[in-house]
Amino acid sequence: MTNNMGEIGDLTTAANGSGPAGNHSTEGLSYILPWWQQACFYTIFVIIFVMAAGGNIIVIWIVLAHKRMRTVTNYFLVNLAIADVLISIFNLPFHLTFNMYQIWFFGLEYCKINFFIAPLTISVSVFTFMAIAIDRYIAIIHPLRPRLTGRIVLSIISVIWILSFFLALPNLLFATTCPIEGGRVVCWVEWPDSSEVHPSKQDFAYNIILMILNYFLPIITLSATYVRIGWELWGSKVIGETVPMQADRVKSKRKVVKMMIAVVVIFGLCWLPTHIYFILTSIFTDIVYWTYIQQVYLLIYWLAMSNSMYNPIIYCLMNARFRAGFKSFFSIIFRCGVCQPDMNLLRKTNTEW
C-alpha cells in the first residue's frame, strides 16, 4: 500500500503490497528512466526547488524585516512559507532521487525524517489556511469583535505545529529501510500489521484519515467559509461603503480574500491528482505495473510539490505590498536601480495586510 502523504505513492512499496515484504515481485519492473527523461524531470524539479525555497524565504524576510508588514494575516503567511521551505529543502530532493532510481541512499535516520516532513508540513499548511479563513470570517462577518493579537496568533501557530507533529508522528515511528532483491535498499513505513501476504490495514486507515483531515474536509470547510465571506463583501451592500475611508477598507478586505481564495484553489488543484492516485492504486493495485506509471507518478508528484512555489507568485501578483517587498529584496541583492520599490507601501500602516 502506498503512503499517500508521507511517501506520496512510492512505486516500489506499491508494487510490493504494504512494503518490501509484500507478495508481489518487482522483477521485470524497470525503474531507471532514460537519460533524457531524467534530465527533464531533474530540470522541472530544480525549478520548483529554487522558486519554492527562494520565494518563500523572501516572503519570510519581507514580513519580518518590515514592521508594518507584521499583521495577523502576514504572520500566518510566514507560517505557510516556513512549511513550504521545509518540504522543499528537506523532502523534495531526497524523495525525488528515491523515486527516480528506486534506491534509498540516505540512511535510516533520514528515511524517518523524509517520511515525517511531508505530512507535517502539509498539515501545517492546511491548518494555517483554516486559521486565516477563520480570522477573515471574524473580521468581515463580525467586525465589532476583538481582533487577534500577535500573542494569540503565535499561540495558534504553536498549536498548529503541535497538532501537525502528532499527525505525522506515525511516519517518524514506523519508517524504516529494507533491502530487497537486486541489492537495492528502499525506504518505507513498516506498520505493526504489515505482512508478506496482505497490505497493511493500519497504513490504509492512516492515509484515509490524513486525506480527510488534510484535504477533503478543509476544502469543503474553506469553500463554505469563503462563499459566506464573498457574499458579505460582494453580494450585499456594505454599511458605509459610500464613505471613502470605509470604501477603501472594503476594497482592502476584498483583495485579501481574493488572494487567499487563489492560494486555496491552487492548493486544491495541485494536490487533487495525488489523492486520486492513492485511491486508484489502493483499489486497483496492478496499476503500478502499467507502462509509464513511473513517469505518471513523477508528474503527479511534481504537481503536488509545485504548490510550494505558487504562493510567493500569488502574493507578488495580487498584493502591492509584497510586490514592493520583492522589489526591495532584489534591489538589495542585485543593486538593481530599476527594482527600487515604493517604500511607502512597506511603511504605511494597514490592518488588513
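The residues on offer are Leu303, Leu299, Leu222, Leu217, and the sole one that is crowded, with 20+ Cβ neighbours inside 10 Å, under 20 Å from the mean Cα position of the chain (by Cα) and either more than 28 Å from Leu86 (Cα to Cα) or not hydroxyl-bearing (Ser, Thr, Tyr) (or both) is Leu222. Looking across the range 64-85, the residues that are closer than 23 Å to Ala133 by Cα, crowded, with 18+ Cβ neighbours inside 10 Å and out of contact with any Asp or Glu (no Cβ under 8 Å at 6 or more places or on another chain) come down to Met69, Asn74, Tyr75, Leu77, Val78, Asn79, Leu80, Ala81, Ile82, Ala83, Asp84, Val85. Restricting the first member to the range 107-119 and to residues that are within 23 Å of Asn214 (Cβ to Cβ), and the second to residues that are of a type in the set (Ser, Thr, Tyr) and surrounded by fewer than 20 Cβ atoms within 10 Å (Cβ to Cβ), the beta-carbon pairs closer than 7 Å and six or more apart or on different chains are Cys111/Thr176; Cys111/Thr177. Among the candidates Trp104, Trp61, the residue that is surrounded by 16 or more Cβ atoms within 10 Å (Cβ to Cβ), touching a residue at least 24 places away in the same chain (Cβ under 8 Å), not β-branched (Val, Ile, Thr) and not in a helix (DSSP H, G or I) is uniquely Trp104. Among residues of the range 308-326 being within 11 Å of the chain's Cα centre (by Cα) and in contact (Cβ under 8 Å) with a residue 60 or more places away in the chain, the one that is farthest from His95 (Cα to Cα) is Asn311.
Just so you know, in the range 126-157 the residues that are in contact with a Pro (Cβ under 9 Å, 6 or more places away or on another chain) and among the aromatic types (Phe, Trp, Tyr) include one that is nearest to Arg228 (Cα to Cα), and it is Phe129. Just one of the listed residues (Phe98, Phe94, Phe116, Phe45) is surrounded by fewer than 20 Cβ atoms within 10 Å (Cβ to Cβ) and within 28 Å of Gly183 (Cα to Cα), namely Phe94.
Can you tell me which residues in the range 133-172 are over 22 Å from the mean Cα position of the chain (by Cα) and in contact (Cβ under 8 Å) with a residue 60 or more places away in the chain? Of everything in the range 133-172, those that are over 22 Å from the mean Cα position of the chain (by Cα) and in contact (Cβ under 8 Å) with a residue 60 or more places away in the chain turn out to be Tyr137, Ala139, Ile140, Ile141, Arg147, Leu148, Gly150. When Ile122 is tested against (1) modelled with pLDDT of 95 or more; (2) closer than 22 Å to Ile332 by Cα; (3) not small (Gly, Ala, Ser), exactly one condition is not met: (2). Does Pro34 count as buried (at least 16 other Cβ atoms within 10 Å of the Cβ) and at pLDDT below 95? So Pro34 fails the test.
Only one entry in Ser164, Ser155 is on the phi < 0 side of the Ramachandran plot, assigned to a helix (DSSP H, G or I), at pLDDT 90 or above and surrounded by 13 or more Cβ atoms within 10 Å (Cβ to Cβ), namely Ser164.
For every residue, the table says whether it meets (1) among the aliphatic types (A, V, I, L, M); (2) out of contact with any strand residue (DSSP E or B) (no Cβ under 7 Å at 6 or more places or on another chain).
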| residue | (1), (2) |
| --- | --- |
| Leu169 | yes, yes |
| Val186 | yes, no |
| Glu190 | no, no |
| Leu210 | yes, yes |
| Asn214 | no, yes |
| Leu217 | yes, yes |
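The values are calculated or read from the model by the stated rules, or taken from the named source; none is laboratory data. Note that this is a predicted model, so its numbers are computed, not measured. All Cβ positions, even for glycine, are placed from backbone atoms using ideal geometry, and neighbour counts span all protein chains on display.
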